[in-house]
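*Asks:* Let me give you the structure first, and then I'll get to my questions.
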Amino acid sequence: MRAGEGSIVSSSVEEYGLFVNGKWVVPPGAGRFETINPTNREPVGSFVAARAADVTAAVEAAHKAFPAWRDLPAPRRGQFLRSAARILKERKAEIGRIVTREMGKVLPEGLGDVQEAIDFVEYMDGEGRRLLGETVPSELTSKFCLTVRQPKGVVACITPWNFPTAIPNWKIAAALISGNTVVFKPASNTARCAAEVVKVYEDAGLPPGVLNLVTGAGGTVGTALVEDPRVRAVSFTGGVETGRDVYVRGAQRLKMVHLELGGKNPQIVMDDANLPLALEGILFGAFGTSGQRCTATSRLILQAGIYDRFLEMLVRRLETFRVGDPLDPATDMGPVASADQERKILEYIEIGRREARLVRGGEKLTGGLYDRGFFVAPTIFETRHGTRISKEEIFGPVLSVIKVADYAEAVRVANDVDYGLSSSIYTRDVSRAFRAIEDLEAGITYINAPTIGAEIQLPFGGIKNTGNGGREAGTAAIEEFTEVKTVFVDYSDKLQKAQIDTA
Ligand code: UN1
């Protein structure tokens with residue numbers, strides 16, 4: 001926000017308010033928290049720790065704005081998305097740098113995060129001209145049967161820190177084009193990115209109350225949102241534990257809760273694979289975003305015939321893999337996102353040291369720049385299937401390498417985890433590749449490509465503990481945020497009884 005329009009610019013760190021009913025507000029007496037740059041611990045922004053009453057005010061604003069927004073034809077709602085996409089494009093370089101500063105992913109990925117937001121917002125603008133229903137024949141004469149999509153009302157979008165502009169936009173743009181109004185609760189450690197996303201919609205001229213931002217602790221803000229009776233649906237991306245809590249609270253109130261949770265995604269490399277290609281795939285899949293994608297590859301399942309050779313190729317390649325300042329174009333991998341992340345990853349590395357063989361990395365990096373931020377070495381363990389590191393989500397640059405005898409064992413190992421988001425197989429055997437599409441228990445399967453990098457025009461989501469059945473992105477995004485109404489139009493001018501007059 002611009003100075004004088006709600007922002008209070010202090011000499012040290014910029015302060016942000018909540019965005020409620022079209023205004024940046026600082027509720028009297030509210031506490032604050034800061035976000036920091038994980039590369040050097042410098043502050044990035046200061047934000048309001050909203051309380052339950054502040055959440056209520058945001059829901060109230062969204063509730064009041066709903067009727068007029070719902071009544072606006074979807075293609076005209078799309079015009080706001082078109083403006084938002086244009087602003088995002090104009091500000092891509094600037095916002096991409098903010099993503100890198102606040103979250104730590106390397107700059108090309110920070111820019112990619114914003115590009116994914118742009119792609120999706122543009123795509124949803126187009127969806128506003130479809131919002132497809134069905135028309136089907138009636139069993140009676142002079143009768144028309146169809147379905148239409150209607151918004152749910154006020155929806156809550158609760159988002160993680162790992163894609164701090166893309167994932168909020170996946171939810172917000174889909175919710176808005178469908179005619180809902182939104183209360184947006186971002187992860188606390190990327191609140192600045194969230195504020196930038198909201199500013200984009202503000203500058204796009206979105207009517208007051210249609211999109212509201214509440215920052216603060218999940219236990220307070222998230223809970224108040226999920227429990228408010230006016231919030232009709234909750235879309236949550238984050239960890240399993242919080243997701244389960246959100247689901248249970250929502251279930252008690254019979255709300256639609258959409259969950260996108262963890263992953264333990266495998267890349268399988270068969271003996272017949274293109275090994276240099278599979279090597280580039282595992283580097284990007286396992287260590288891109290410092291392993292902090294829900295889709296990141298955390299298990300490398302190698303067939304015995306290429307096991308030693310491929311592991312050696314990987315270890316050799318990592319000798320020239322650079323960990324450092326994510327703004328430096330020479331850097332391959334930046335820090336992990338926070339002190340909490342670093343602690344959790346190092347704990348798992350300790351567990352791995354006890355139960356598996358450490359091949360490479362396995363430590364916090366120290367010295368120079370490393371001492372100021374949260375840097376963990378790209379880490380590789382050789383392990384048998386079944387160890388904790390081979391089955392639990394770590395969400396960091398830690399890869400478990402597992403040897404298998406054949407395709408059947410590869411699939412058995414790949415599937416024997418609690419999650420089912422992404423999966424990948426490298427093989428030159430086309431029949432086996434198609435077989436794997438059927439066999440791998442996951443919402444997404446890649447053939448000869450890494451487990452990360454899904455495109456926004458297709459559904460995104462997973463099975464087992466990864467979610468509760470829904471999908472984001474693609475046309476599925478519209479399903480997430482709409483109710484289907486079934487309509488029968490009888491123009492026969494007489495009472496026609498289905499199932500009775502047709503027998
Ligand atoms: C996530 O990590 O939750 O498919 C999202 C990908 C990205 C999105 C990841 N397009 O890797």
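The values are calculated or read from the model by the stated rules, or taken from the named source; none is laboratory data. Worth saying up front: this structure is predicted, and the values here are computed from it rather than measured. A quick note on method: Cβ atoms are made from the backbone with ideal geometry, for glycine too, and the neighbour counts reach across all protein chains shown. What goes into the accessible areas is simple: the full protein's heavy atoms, side chains included, and nothing from ligands, DNA or RNA. Shrake-Rupley method; radii C 1.70, N 1.55, O 1.52, S 1.80 Å.
*Asks:* Of everything in the range 451-467, what is open to solvent by 30 Å² or more (accessible area, probe 1.4 Å) and over 19 Å from Arg299 (Cβ atoms)? Give them in sequence order. Quick ask: steps written out before the conclusion?
*Replies:* Keep residues of the range 451-467 that are open to solvent by 30 Å² or more (accessible area, probe 1.4 Å), which gives 453-455, 457-459, 463-465.
Within the range 451-467, Glu455, Gln457, Leu458, Pro459 meet the criteria.
*Asks:* Considering each of Thr100, Thr135 in turn, give the residue that is on the phi < 0 side of the Ramachandran plot, free of Cβ contacts under 8 Å to residues at least 24 places away in the same chain and of a type in the set (Val, Ile, Thr).
*Replies:* Details: Thr100 fails: free of Cβ contacts under 8 Å to residues at least 24 places away in the same chain.
Criteria check complete, one pass: Thr135.
*Asks:* Additional query: Looking at the range 224-243 only, could you name the residues that are of a type in the set (Gly, Ala, Ser) and part of a strand (DSSP E or B)? Don't jump to the end; show me each part of the working.
*Replies:* Applying the first criterion (of a type in the set (Gly, Ala, Ser)) to the range 224-243 yields 224, 233, 235, 238-239, 243.
Residues satisfying the conditions are Ala233, Ser235.
*Asks:* Among the residues of the range 351-369, which ones are out of contact with any strand residue (DSSP E or B) (no Cβ under 8 Å at 6 or more places or on another chain) and either β-branched (Val, Ile, Thr) or in a helix (DSSP H, G or I) (or both)? I'd like the intermediate steps shown before the answer.
*Replies:* We begin by selecting, within the range 351-369, every residue out of contact with any strand residue (DSSP E or B) (no Cβ under 8 Å at 6 or more places or on another chain); these are 351, 353-355, 366-369.
Result: Ile351, Arg353, Arg354, Glu355, Thr366, Gly368, Leu369.
*Asks:* While we're on this one: Only one of Val183, Val148 is away from the ligand (no atom under 16 Å from the Cβ), part of a strand (DSSP E or B) and buried (at least 24 other Cβ atoms within 10 Å of the Cβ). Can you tell me which? Walk me through it before giving the result.
*Replies:* Values: Val148 fails: buried (at least 24 other Cβ atoms within 10 Å of the Cβ).
Matching residue, one of Val183, Val148: Val183.
*Asks:* Quick one: how many residues across the range 256-285 are more than 14 Å from the ligand (Cβ to nearest atom) and in contact with a strand residue (DSSP E or B) (Cβ under 6 Å, 6 or more places away or on another chain)? Working first, answer last.
*Replies:* First, pick out the residues of the range 256-285 that are more than 14 Å from the ligand (Cβ to nearest atom): 256-257, 266, 268-280, 282-283.
Now drop any that are not in contact with a strand residue (DSSP E or B) (Cβ under 6 Å, 6 or more places away or on another chain), which leaves 256-257, 266, 268-271, 273, 278, 282.
The qualifying residues number 10.
*Asks:* What number goes with the only condition from (1) surrounded by fewer than 24 Cβ atoms within 10 Å (Cβ to Cβ); (2) under 27 Å from Thr486 (Cα atoms) that Ala174 does not pass?
*Replies:* Tallying (1) surrounded by fewer than 24 Cβ atoms within 10 Å (Cβ to Cβ); (2) under 27 Å from Thr486 (Cα atoms), Ala174 fails exactly one: (1).
*Asks:* Let me ask another. Report, by residue number, each residue of the range 294-316 that is within 16 Å of the ligand (Cβ to nearest atom) and among the aliphatic types (A, V, I, L, M).
*Replies:* Ala296 - this is the single residue of the range 294-316 that is within 16 Å of the ligand (Cβ to nearest atom) and among the aliphatic types (A, V, I, L, M).
*Asks:* Moving to a separate point now. Show the residue pairs that are 6+ apart or on different chains and have beta-carbon atoms under 8 Å apart, the first residue being within the range 427-453 and closer than 17 Å to Lys464 by Cα and β-branched (Val, Ile, Thr), the second being open to solvent by 30 Å² or more (accessible area, probe 1.4 Å) and within 11 Å of the ligand (Cβ to nearest atom).
*Replies:* Ile444/Ala454
*Asks:* Go through the residues of the range 199-212 one by one and say whether even a single one is buried (at least 17 other Cβ atoms within 10 Å of the Cβ), without any contact (Cβ under 8 Å) to a residue 60 or more places away in the chain, outside the structural domain of Asp418 (by TED's automatic domain parsing) and polar (S, T, N, Q).
*Replies:* Taking every residue of the range 199-212 in turn, none turns out to be buried (at least 17 other Cβ atoms within 10 Å of the Cβ), without any contact (Cβ under 8 Å) to a residue 60 or more places away in the chain, outside the structural domain of Asp418 (by TED's automatic domain parsing) and polar (S, T, N, Q).
*Asks:* A further question follows. Identify, from the list Val359, Val376, the residue that is over 23 Å from Pro38 (Cβ atoms), β-branched (Val, Ile, Thr) and modelled with pLDDT of 95 or more. Explain how you work it out, then say what you get.
*Replies:* Numbers: Val376 fails: over 23 Å from Pro38 (Cβ atoms).
Residue meeting the stated conditions: Val359.
*Asks:* Residues that are away from the ligand (no atom under 14 Å from the Cβ) and of a type in the set (D, E, K, R): which strands (runs of 3 or more DSSP E) entirely in the range 390-492 hold 1 or more of them? Steps first, answer last, please.
*Replies:* Numbers: elements: 398-404, 422-426, 444-447, 482-490.
So the answer is 398-404, 482-490.
*Asks:* So for the range 259-281 (the condition being among the charged types (D, E, K, R) and under 20 Å from the mean Cα position of the chain (by Cα)), does at least one residue qualify? Step through it out loud before you land on a result.
*Replies:* Let us first name the residues in the range 259-281 that are among the charged types (D, E, K, R), namely 260, 264, 271-272, 280.
In the following step, the residues that additionally are under 20 Å from the mean Cα position of the chain (by Cα) were identified as 260, 264.
Yes, that holds for at least one residue.
*Asks:* Mind checking which strands (runs of 3 or more DSSP E) fall wholly inside the range 244-332 and carry at least 1 residues that are open to solvent by 60 Å² or more (accessible area, probe 1.4 Å) and closer than 30 Å to Ile437 by Cα?
*Replies:* Details: elements: 256-260, 265-269, 297-303.
Result: 256-260.
*Asks:* Tell me which residues, restricted to the range 333-344, are away from the ligand (no atom under 16 Å from the Cβ) and open to solvent by less than 10 Å² (accessible area, probe 1.4 Å).
*Replies:* Within the range 333-344, Pro335 is the sole residue that qualifies.
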